[in-house]
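Written out below as structure tokens is the structure these notes cover.
The values are calculated or read from the model by the stated rules, or taken from the named source; none is laboratory data. Predicted model only: the values in this text are computed from it and were never measured. Here the Cβ positions follow ideal geometry from the backbone for every residue, glycine too, while neighbour counts run over all protein chains shown. Side chains are part of the model used for accessible areas, which takes the heavy atoms of the whole protein and leaves out ligands, DNA and RNA. Shrake-Rupley method; radii C 1.70, N 1.55, O 1.52, S 1.80 Å.
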Amino acid sequence: MKSHTRVAVIGGGVVGASVLYHLARHGWSDVMLMERDELTSGSTWHAAGGMHTINGDPNVAKLQKYTIELYKEIEELSGQATGVHITGGVLLAATDARMDWLRGVVAKGRYLGLDLEEISAEEAHHLMPLLDPSQFVGAVRNSEDGHLDPSGVTHAYAKAARKLGAEVHRFTRVEDIVRRADGLWRVVTNKGEVVAEHVVNAGGLWAREVGRMVGLELPVLAMEHMYLITEDMPEVAEVNARTGREVIHAVDFDGELYLRQERGGMLMGTYEKAGKPWSERVTPWSFGHELLEPDIERIAPSLEVGFRHFPAFQKTGIKQIINGPFTFAPDGNPLVGPVRGLPGFWVACGVMAGFSQGGGVGLALSNWMIDGDPGFDIWAMDVARYGEWATMAYTNAKVCENYSRRFSIRFPNEELPAGRGVKTTPVHDLLAGRGAQFGAAFGLEVPLWYAPEGVADEFSWRRSTDFEHVGAEVQAVRERVGLSEISSFAKYRVTGEDAPAWLDRMLACRLPAPGRMTLAPMLKQDGRLIGDFTLACLNSPSSGASRHLLPGGEKSEAARPATSSPRRGEGASRSEAGEGAWAGSSQEWLIFGSGVAEQHHMRWFESHLPAEDVKIEALGLSLVGLSIAGPRSRDLLAKVTHDDVSNAAFPFMAIRRMDIGMAPCLVGRVSYTGDLGYEIWMAPEYQRHVFRLLEAAGGEFGLGLFGSRALNALRLEKGYGSWAREYRPIYGPVEAGLDRFVAWNKPADFIGKSAATAQKAEGGRYRLRTFVMDADDADVIGDEAIWHDGTVKGWVTSGGYAHNARRSVALGYVPREIADAEDGFEIELLGKRHRARPQRTPLFDADFARMRG
Ligand SMILES: Cc1cc2nc3c(=O)[nH]c(=O)nc-3n(C[C@H](O)[C@H](O)[C@H](O)COP(=O)(O)OP(=O)(O)OC[C@H]3O[C@@H](n4cnc5c(N)ncnc54)[C@H](O)[C@@H]3O)c2cc1C
């Protein structure tokens, strides 16, 4: 074994082999894979080998399509047969709700280029004669489903990689991984040591153990999984003889089953309700090519449905039941990418559908390692979507829930119960007492809406029981004043002498003056978005109270009386704040962003920290918030503070420390509702005091509580986008309509400047647009197809009912060429195309008089 390598890939399952192949194909040939046994010695060897393109996340679906298309290439390059059979398949619905869900799948598939078609149960029976059509209400035909030989595919990746210069070391077990002082990794194996620039954890069933070698506890858990293989069946022989083809695949969602032909019989697998975790805490190194004891009792309820839905099974014998473990992340999607705080350490694990996703995972990871960017939107697979709240116990609860719901419908208004109520803010019980219905965001309980006694969400694709109550919350904001919790935002504090220069390079905006805020897009080298924030420059603290406001504030540079307090810029507009003003200052900066992206953004910030004096920390719940918004919000604020909050003294986008009641707070005049409004930030110990005070003082102004569903309705009528929906790493600022916040001419050479400038000149491919839809009882959620003049041209990113404007609104991307068309647009919703009109100006406060007045 050589002593040095660019990349050490740990694990020779289908995922590690794919990563190795993609690295070599991309030009990194000095790479090696270490496998403790033979290749495929984890989950891979006993997989059922099924593959399919559909996935709840369209971006993962794209990578699944890529994976399936890749097999021909690796087979040709390696000379190793992969056993790929593209049979096509049917996705079956036994209920109307399931059929609605499938229609959504078809709508998404249109812009993904998937060949999906809604068909009747009879037509499904014609294609897959083993099913009983009377058990189903309809189906979708999918031409890309198929199956393969798991071992053949893994060896094909490995052989193809070897041909491109990569090395594969079997029977080489990695026993330790140590980070050296120079940043390289010492990979210690039973065959000696290798020094690697990068390490990839593709340890599959042992991913946790490999993670623990570097102090990382990955949120993955293996579940037992069973499938059965029948004796040869005459019905199968008949189909084969009559059609000259195999029996096609079937996924029976309501039976929670998948089926395909296996030799002369059938293979039927199930995700049973009573799923069983395997090796919950530690995976034994001794586990290898053995199977687990089948437990027919556990899968009996699913099989009963299966035998009813596919009657031919009632007459055949079961030849074999396979039971094997494979891993899942809490949400069922892979964990991919660089690990925050461990430069050069990458993960590619938790891949539960290795034969549909392994190719895409390998491609994205190799792009990321070589080019610094995955090259796709892999948000749904990014390991950074989990934080420290994803403990082992949380992971186990969520994985069991996810396994048992693998084929269940999740309605857009449905919150899942496992792992809930763990991370809460101090006002949680107060809000619960007012009827708050909570959802979870990055582990945190967040109020969605406020239900009167006896009312709860009825899960549906259509407008539901919350509709009128969310409408009332919206009206409270637009007509009087609303109060909401905003602690779930991510908050980062940046300090240090060189903070201004660093921020100027990291963010594409102009830096705000002290006491001011600005919207701050953050770009990657390719000129596309990697963040969308509000940046605040705080005035230097002057009172004792303010010194205690931010966690650690007493000790920070910024808490010391500033030596060069640039107060002259206070209240100035953005353009008045010259870049040079901050040189040598010890200002304190706050960045507010999307809560779910906290790890993702910290990873980016930290990997770009210079040697100079800059410190960034994520404040998490050590800074919590409440927001008031609406025409009476200023009156309310004035009642609870001694500060002058008139428009002249405290204008739009100002931020200032002020006491609210007796609590030291930081108040920013900004609101995502698009209304007159304020965000009030405080240390958690003050939140109950401030909440009670605002609630009591708000009575005379008609204060009402509002949750995130009302906030969604409010931002939609302003056409405001949000991170991970409208703003994602595949769009440039011009495409996303954020170009007006980019300081194209600022002297600082911010990251992505030249690429974004080039994209601006060339125009980009897409434009984000707001549409008003003709819709009666349902609204878009996201990922629906946008049609123009009879063809699918774009996709919806989010939407809903804007209660105040009384319009059904959709935001989405369309090609630039048609972005200014006035008509011809339709949006597909629950299988029907609805007329959609572009909305060029905000439906509320188009002249910003309310927001800025
Ligand atoms: C019964 C069953 C049916 C399935 N059916 C399907 C299906 O139809 N379609 C589908 O797509 N997926 C299916 N799967 C899931 C599929 O098997 C997994 O998605 C896939 O195998 C994951 O591959 P992997 O490379 O991530 O992990 P693994 O296959 O577990 O590979 C990890 C490898 O890493 C090696 N390793 C670990 N630690 C070390 C170390 N320290 N040093 C060296 N080597 C190490 C292990 O020996 C192992 O070979 C099924 C799984 C089961 C159990």
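Of note:
- Boolean, G269 is in contact with a helix residue (DSSP H, G or I) (Cβ under 7 Å, 6 or more places away or on another chain) and either within 16 Å of the ligand (Cβ to nearest atom) or farther than 30 Å from W346 by Cβ (or both): no
- Given (1) open to solvent by less than 10 Å² (accessible area, probe 1.4 Å); (2) at positive phi, number of the condition L636 does not satisfy: (2)
- Any hit, the stretch 191-201, residues being more than 30 Å from L257 (Cβ to Cβ), within 9 Å of the ligand (Cβ to nearest atom) and of a type in the set (A, V, I, L, M, F, W, C): no
- Top-ranked residue of the stretch 1-42 - restricted to ones that are open to solvent by less than 20 Å² (accessible area, probe 1.4 Å) and polar (S, T, N, Q), ranked as farthest from the chain's Cα centre (by Cα): T5
- Hey, R260 within 33 Å of the chain's Cα centre (by Cα) and away from the ligand (no atom under 13 Å from the Cβ) or not: no
- Counted residues, the stretch 650-668 - those being free of Cβ contacts under 8 Å to residues at least 60 places away in the same chain and either within 22 Å of P842 (Cβ to Cβ) or open to solvent by less than 10 Å² (accessible area, probe 1.4 Å) (or both): 5
- A search for C-beta distances below 7 Å between a residue of the stretch 382-402 that is closer than 19 Å to K273 by Cα and any residue that is open to solvent by less than 20 Å² (accessible area, probe 1.4 Å) and not in a loop (DSSP other than H, G, I, E, B), counting only pairs 6+ apart in sequence or on different chains, returns T395/L221; N396/L221; V399/L221; V399/M223; V399/F328; N402/F328.
- In the stretch 473-490, the residues that are over 17 Å from L703 (Cβ atoms) and either in a loop (DSSP other than H, G, I, E, B) or out of contact with any Gly (no Cβ under 8 Å at 6 or more places or on another chain) (or both): S487, S488, F489
- Pairs where the first residue, in the stretch 601-621, is closer than 11 Å to M506 by Cβ and the second is open to solvent by 60 Å² or more (accessible area, probe 1.4 Å) and not in a loop (DSSP other than H, G, I, E, B), C-beta under 9 Å, 6+ apart: H608/R505; L609/K615; P610/A501; P610/R505; V614/A501; I616/E606
- Hey, R186 part of a helix (DSSP H, G or I), closer than 27 Å to L365 by Cβ, more than 11 Å from the ligand (Cβ to nearest atom) and not hydrophobic (A, V, I, L, M, F, W, C) or not: no
- Evaluated against (1) within 13 Å of the ligand (Cβ to nearest atom); (2) under 20 Å from M226 (Cα atoms); (3) touching a helix residue (DSSP H, G or I) at 6+ places or on another chain (Cβ under 6 Å), G360 falls short on exactly one condition, (2).
- Within the stretch 74-95, the set of residues being touching a residue at least 40 places away in the same chain (Cβ under 8 Å), open to solvent by 20 Å² or more (accessible area, probe 1.4 Å) and away from the ligand (no atom under 16 Å from the Cβ) comprises E75, L77, G79, Q80, A81, A94, T95.
- H289 being open to solvent by 30 Å² or more (accessible area, probe 1.4 Å) and not charged (D, E, K, R): yes
- Residues (part of a strand (DSSP E or B), open to solvent by less than 20 Å² (accessible area, probe 1.4 Å) and either under 16 Å from E231 (Cα atoms) or among the basic types (K, R) (or both)) located in the stretch 301-328: I322
- Taken over the stretch 440-462, the criterion of being open to solvent by 20 Å² or more (accessible area, probe 1.4 Å) and touching a His at 6+ places or on another chain (Cβ under 8 Å) is satisfied by Y450, P452, V455.
- Restricting G42, G11 to those that are within 13 Å of the ligand (Cβ to nearest atom) and either on the phi > 0 side of the Ramachandran plot or among the charged types (D, E, K, R) (or both) reduces the list to G11.
- Unmet requirement for W45, which otherwise passes all of (1) assigned to a helix (DSSP H, G or I); (2) open to solvent by 40 Å² or more (accessible area, probe 1.4 Å); (3) under 19 Å from L363 (Cβ atoms): (3)
- Test result for V470, at pLDDT 95 or above and part of a helix (DSSP H, G or I): yes
- Of the residues making up the stretch 281-330, those that are over 24 Å from N402 (Cα atoms), among the aromatic types (F, W, Y) and under 35 Å from the mean Cα position of the chain (by Cα) number 2.
- Every pair of residues 6+ apart whose Cβ atoms lie under 9 Å, when the first sits in the stretch 304-315 and is in contact (Cβ under 8 Å) with a residue 24 or more places away in the chain while the second is open to solvent by 100 Å² or more (accessible area, probe 1.4 Å): R308/Q314
- Test: A250 is more than 19 Å from Q135 (Cα to Cα), small (G, A, S) and touching a residue at least 12 places away in the same chain (Cβ under 8 Å): no
- Looking only at residues of the stretch 333-353 that are closer than 28 Å to E69 by Cβ and open to solvent by 10 Å² or more (accessible area, probe 1.4 Å), we find that the one that is farthest from the ligand (Cβ to nearest atom) is P338.
- Close pairs from the stretch 5-31: first without any contact (Cβ under 8 Å) to a residue 60 or more places away in the chain and within 22 Å of G49 (Cβ to Cβ), partner within 11 Å of the ligand (Cβ to nearest atom) and open to solvent by less than 10 Å² (accessible area, probe 1.4 Å), Cβ under 7 Å, at least 6 apart: none
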